[in-house]
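What follows is a single structure, written as structure tokens, with notes after it.
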Amino acid sequence: MAENYDVIIIGSGPGGYIAAIRAAQLGLKTAVVEREHLAGICSNWGCIPTKALLRSAEIMHYSDHLRDYGLKIEGTIKADLKAIVDRSRGIAQRMNGGVGFLMKKNKVDVIWGEAKLTKANEIVVAKTSKKPMEPQAPLPKNTKGEGTYTAKHIIIATGARPRALPGIEPDGKLIWTYFEAMVPPEMPKSLLVMGSGAIGIEFASFYRTMGVDVTVVEVLPAVMPVEDAEISAFAKKQFEKQGMKIHLEAKVTKVEKSANSITAHVQMKDGKVEKITADRMISAVGVQGNIENLGLEALGVKTDRGCVVVDGYGNTNVAGVYAIGDVAGPPMLAHKAEHEAVICVEKIAGLPNVHPMDKLKIPGCTYCNPQVASVGLTEAKARAEGKDIRVGRFPFVANGKAIALGEDQGLVKTIFDKKTGQLLGAHMVGAEVTELIQGFVVAMNLETTEEELMHTIFPHPTLSEMMKESVLDAYGRALNA
């Protein structure tokens, strides 16, 4: 007979494993199915190991500017690529093992294999065809395998994979996805990055800091096109100062391969085609949900543009079937998946006062140099919605802590509703803004007004003081600029 659970989650990424833990905390008999690696793309090939690479690049950047801080090291500091990659992979393995520990701690069964829905409350798990990551942390001792399993509630948390453009498909050697870009066997001398979203620009930043000649091609009119236009333009200038070549409103139409390089045909804004040759190319044109071979079509689960359609609680159109995380659509962010997981499970458990996901309050962070972070409406979006707004700005160059850190290039921007004082959006570029943005996220969730922010005491000297100064500036009261 099939083993029965209250909740089965398909996928153990940030959405899946958090859903499993919360379900177990609420007393539900829970299992999670994984076919490749515990902790998902984020911990194994995305969020965490990429930050390890970027940390190495950050230290390399500082080592190149030691004299700016009154320091001197005799001799040349060189990058050991193998050691950099090994450190990143070791961190991934640590995260992988950590999720295994959490499954054991919370008495969540791990089922190893590929799951397919046969009914709204039943899955069949087959042997996985996927090769696990290397090195693979040991699986929990209670890991189960192939078979039929039933549950009152089945949550799809299968994540997403890199999108490929027809005719420019990654081959793993000359054209990379983020998988290959994280474990280069050798550092290329030149690199073409197709796409300037978070993935593309983070890898462009890493490789440029490591001394690679980097060219970025973006089909839209701005780098990081989802960001506020002013922040995006500021970041672009900083990237170009670092030596990055950036082509906007341009697209790669064809790629020719040689033995150890590529030549991309790039159609520029004026319609002319320019040939750009590079050792390697990264395809970073977005991701698409992993919805195939799950049995969704047979059950009638509604999908749209490669993602499962859900409401604010993770419900699909089929009772008892849910979806969270990247497979449930944008924004495709780990913290969005984690929050969706909690909402979905708490709704399943019948907890009172469960609030649906509010996507306007999801922060976005890009860990390039300089960092970019944002939450809420951009200035253009607020104006397009017909809102009467106040906009405040405060530059890093006027902040004492930023000057002392040697990080005086940046901007904090805030957008308020002129009538109500409601904080509509906050946008930042500069050092450590990915840590600062949460202050504005909390403020938005608490429905904080400009008056309350103005009366909040920020410590001195800190970068966070710029947050208050930006609010003051929106009302013509900035004190230090």
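Per residue, the convex hull spanned by the Cα atoms of region 304-423 amounts to 167 cubic angstrom. In plain terms, the chain from Glu240 to Phe101 could stretch by 45.6 nm, reckoned as 0.36 nm per residue minus the Cα-Cα distance. The alpha-carbon atoms of region 174-261 define a convex hull whose volume equals 89 cubic angstrom per residue. Note: region 270-316, Cα convex hull, 173 Å³ per residue.
The spacing between region 319-364 and region 412-435, judged by their C-alpha centroids, is 24 Å. Sorting the Cα pairs of region 99-199 by distance into bins of 10 Å, from 0 upward, gives 11, 31, 27, 23, 8, 0 percent per bin. Taking every DSSP helix (H) stretch of at least 4 residues in the chain, weighting each as -39,500 (n - 2.57) and dividing the sum by the residue count yields a mean residue ellipticity at 222 nm of -9500 deg cm²/dmol. Taking the three principal axes of the alpha carbon atoms in region 353-481, the coordinate ranges are 43, 31, 29 Å, sorted in descending order. Applying the criteria of a DSSP loop state and at most 10 other Cβ atoms within 10 Å to the GluC sites (Glu not before Pro) of region 324-405 yields Glu385.
Residue by residue, region 7-23 carries 3J(HN,Hα) couplings of 9, 10, 10, 9, x, 10, x, x, x, x, 6, 5, 4, 5, 5, 5, 5 Hz when phi is fed to the Karplus relation 6.51 cos²θ - 1.76 cosθ + 1.60 (θ = phi - 60°); x denotes Gly or Pro. Relative protection proxy for 187-199, 252-264, from highest mean packing down: 187-199, 252-264 (other beta-carbon atoms within 10 angstrom).
Computing Rg and the Kirkwood Rh from the Cα coordinates of the chain gives a ratio, Rg/Rh, of 0.98. Could you list the trypsin sites (Lys or Arg not before Pro) in region 302-369 that lie in coil according to DSSP, counting only those with at most 14 other Cβ atoms within 10 Å of their Cβ? Here the trypsin sites (Lys or Arg not before Pro) that fit, given the DSSP loop and packing criteria, are Lys302, Arg305. What the phi angles of region 282-287 give under the Karplus curve with 6.51, -1.76 and 1.60, with θ = phi - 60°, is a coupling list of 10, 8, 10, 9, x, 10 Hz, glycine and proline written as x.
The largest-to-smallest principal axis extents of the Cα set in region 7-154 are 66, 32, 25 Å.
Here's how it looks for Ile282: its modeled amide H is under 5 Å from those of Trp176, Leu192, Val193, Met194, which are all 5 or more places away or on a different chain. Amide H to amide H distances under 5 Å link Val33 with Ile9, Ile10, Gly11, Ile111, where only residues 5 or more positions off or on other chains count and H is placed in the peptide plane. With protein chains left intact and a 1.4 Å probe, residues in region 1-155 average 51 Å² of accessible area per residue.
Separation of region 226-276 from region 284-310 is 31 Å, based on Cα centroids. For region 428-445, putting each phi into the Karplus relation 6.51 cos²θ - 1.76 cosθ + 1.60 with θ = phi - 60° gives couplings of 9, 9, x, 4, 6, 5, 5, 8, 6, 4, 4, x, 6, 5, 4, 4, 5, 5 Hz, in residue order, rounded to whole numbers and with x for Gly and Pro.
Sites listed here are GluC sites (Glu not before Pro) in region 12-89 whose DSSP assignment is loop and whose Cβ has at most 10 other Cβ atoms within 10 Å: Glu74. Just the protein heavy atoms count here, and of the accessible area of the chain at 1.4 Å, carbon and sulfur take up 52 percent.
Take every Cα pair under 8 Å whose residues are at least 6 apart in sequence, average their separation, divide by the length of the chain, and the relative contact order is 14 percent.
Amide H contacts of Gly410 (H built 1.01 Å from N, in plane; Pro and chain starts excluded): Phe396, Val397 sit under 5 Å, all sequence-distant by 5 or more or on other chains.
The values are calculated or read from the model by the stated rules, or taken from the named source; none is laboratory data. The model shown is predicted, which means the values in this text are computed figures rather than measured ones. When we count neighbours, we look across all protein chains shown, and the Cβ atoms used for this are built from the backbone with ideal geometry, even at glycine. Note: areas computed on protein heavy atoms with side chains; ligands, DNA, RNA excluded. Shrake-Rupley method; radii C 1.70, N 1.55, O 1.52, S 1.80 Å.
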